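So the structure is just underneath, and the comments pick up after that.
The values are calculated or read from the model by the stated rules, or taken from the named source; none is laboratory data. What you are looking at is a predicted structure, and each value in this text was computed from that prediction instead of being measured. Cβ placement follows ideal geometry from the backbone for every residue including glycine, while neighbour counts extend to all protein chains displayed.
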Amino acid sequence: MRLKHTTTAMALALMVFGAPAWADMEAAKKFLDAEIGDLSSLTRADQEAEMQWFIDAAKPHAGMEIKVVSETITTHEYESKVLAPAFTAITGIKVTHDLIGEGDVVEKLQTQMQTGENIYDGYVNDSDLIGTHWRYQQARSLTEWMANEGKDYTNPGLDLNDFIGLKFTTAPDGELYQLPDQQFANLYWFRYDWFNDEKTKADFKEKYGYDLGVPLNWSAYEDIAEFFTGRDMSYMGGPASGVYGNMDYGKKDPSLGWRYTDAWFSMAGGGDKGDPNGLPVDEWGIRVDENSRPVGSCVARGGATNDAAAVYAVTKAIEWLNKFTPPEAQGMTFGEAGPVPAQGNIAQQMFWYTTFTADMLKPGTAVMNDDGTPKWRMAPSPRGAYWTEGTKLGYQDVGSWTLMKSTPVDRAQAAWLYAQFVTSKTVDVKKSHVGLTFIRESTIQDKSFTERSPALGGLVEFYRSPARVQWTPTGTNVPDYPRLAQLWWQHIGDAMSGAKTPQEALDALCAEQESVMARLERSGVQGDIGPKLNEESDPAEWLAKEGSPVAKLDNEDPTPETISYDELIKSWQ
């Protein structure tokens, strides 16, 4: 297997593609030799055939300059610095692939929606906006696009069925609105070496009466957090002091909202059963009617943003932040908290994004063995007291290509070619080795990842397992993601700071969500698929019905359950 460091790939790209070259098979062959090699799910002959298709399809647009944008993560850096110049050299279409913050991507997209000005020819934005794109009808339906204006520019080898995230980018009308480009989940992370140490296991069992292992529920997670917090782990080569059993962040900052909109309530057990998202109530607590029209967020309208499961979710997060987490974490943002487990003093973390995998594998860190294997593993997140079989169990981020209707057709065609190039079977295995954000089944099953899996801490095993279907993005119940998402961090922040109780904060959040939805309803801008709020009624009436929302359980601390990580992996195989 031939794996190159990203910086090496960038140098090769500059060397091979530094000078402009129009639609050139020689450039394609140089790219395949220098960058792809045997890291592709296609044979060399099929790679060349796919490159020839791009060359031929791009001819009407040779010499055109286009601009696309995505957030700044390793996968997109590779696209911008390596794949974009390769695409330019091979097709003659000059691509500027901008990298900006996630919030800035949404802001640019909003501006283009509001003004009709074509700011970018293609956007990689989260599939969390699928409900927004479907209801506002300002993003092109890719289903319609591929049958009409984009037909001659759609790769016959695209193989949509190979993408693992299409159900996340398909709206209730059955149309595909976005093409996945990168995908990662929030999972449970833990120190595998500590959990398998005989003294540590014996001490835990003596104190709690059951085996230390991957927690299956929040009760076990809490026991493990308590056990490790303040423990002297010097006998395992760890710190003698300053060990913590949980890692999180609590600063009143937009990233605090991601912690919750990215399915923390679903992990607690909020929302209804359904795949990929609960219906009629989703993991945000928004209820829709039989026509997918949002009808409420508060319990009084049939929503669940302020029901007992949601209150329990926020309450537990605050409790664990205060008891089992480094004190400085309360003032941290998502980005600041992310690198902390690599420092070697954190035993476990329930809410850990697999996008941190590459950084967590850096040689010489406290969580890596000398042989290049990790001391840690990732596993499915434990479930809260309100969780029932059939509901989602966590979040996946699916950054996806989106073409706006305000983009001129020829520019959209060129951007569509680039979007397909960076997600093509020719390049996807190599791109996935760089960024570790899987989008294709053929890539997940590629032999190169079988070989590399021992060094990736369970990432490959998770994506090959049946468990992955329970991790999904925000669903279609959310009618305006940009407007509604920004409400969360402000209200959750009030609970985190102690300014409000969790119940008070969530009452305010659901009321403000309904206020936004009411304005959308009055405006009529989303037509007959926009919000149509239910009349308020006694919350007890909704709580008496089956499904979400739910009343408070008599026992929010069920019997702790754990499983051996190695047994868990065997069950998947």
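Could you list, in sequence order, all residues of the stretch 391-444 that are more than 20 Å from the chain's Cα centre (by Cα), not aliphatic (A, V, I, L, M) and not in a helix (DSSP H, G or I)?
If the condition is that a residue be more than 20 Å from the chain's Cα centre (by Cα), not aliphatic (A, V, I, L, M) and not in a helix (DSSP H, G or I), then Lys405, Ser406, Thr407, Pro408, Ser424 are the ones that fit.
Kindly indicate whether Thr200 is in contact with a strand residue (DSSP E or B) (Cβ under 9 Å, 6 or more places away or on another chain) and assigned by TED's automatic domain parsing to the domain that holds Trp352.
When the stated conditions are applied, Thr200 does not pass them.
Report yes if some residue within the stretch 66-89 is surrounded by fewer than 20 Cβ atoms within 10 Å (Cβ to Cβ), touching a residue at least 24 places away in the same chain (Cβ under 8 Å) and in contact with a Gly (Cβ under 6 Å, 6 or more places away or on another chain); otherwise report no.
Yes, the conditions are met somewhere in the stretch 66-89.
For the stretch 287-307, give me each residue that is more than 16 Å from Leu484 (Cβ to Cβ) and either acidic (Asp, Glu) or surrounded by 23 or more Cβ atoms within 10 Å (Cβ to Cβ) (or both).
Asp289, Glu290, Val299, Gly302, Asp307
Just to verify a result, which residue in the stretch 151-165, among those that are touching a Lys or Arg at 6+ places or on another chain (Cβ under 8 Å) and not aliphatic (A, V, I, L, M), is farthest from Pro276 (Cα to Cα)?
Of everything passing the filter in the stretch 151-165, Gly157 is farthest from Pro276 (Cα to Cα).
Against the definition (assigned by TED's automatic domain parsing to the domain that holds Gly527, free of Cβ contacts under 8 Å to residues at least 40 places away in the same chain and part of a loop (DSSP other than H, G, I, E, B)), how does Glu290 come out, yes or no?
So Glu290 fits the description; yes.
Taking Gln178, is it in contact with a helix residue (DSSP H, G or I) (Cβ under 6 Å, 6 or more places away or on another chain) and not small (Gly, Ala, Ser)?
Judged against the criteria, Gln178 is a match.
Please work out if Thr200 is within 22 Å of the chain's Cα centre (by Cα) and crowded, with 18+ Cβ neighbours inside 10 Å.
Judged against the criteria, Thr200 is not a match.
When the residues of the stretch 348-385 are narrowed to those that are within 23 Å of the chain's Cα centre (by Cα) and part of a loop (DSSP other than H, G, I, E, B), which ends up farthest from Leu459 (Cα to Cα)?
By that ranking, first place goes to Gly384.
Could you tell me which of the residues Asp104, Asp126 is within 16 Å of Thr402 (Cα to Cα) and buried (at least 18 other Cβ atoms within 10 Å of the Cβ)?
Only one candidate qualifies: Asp126.
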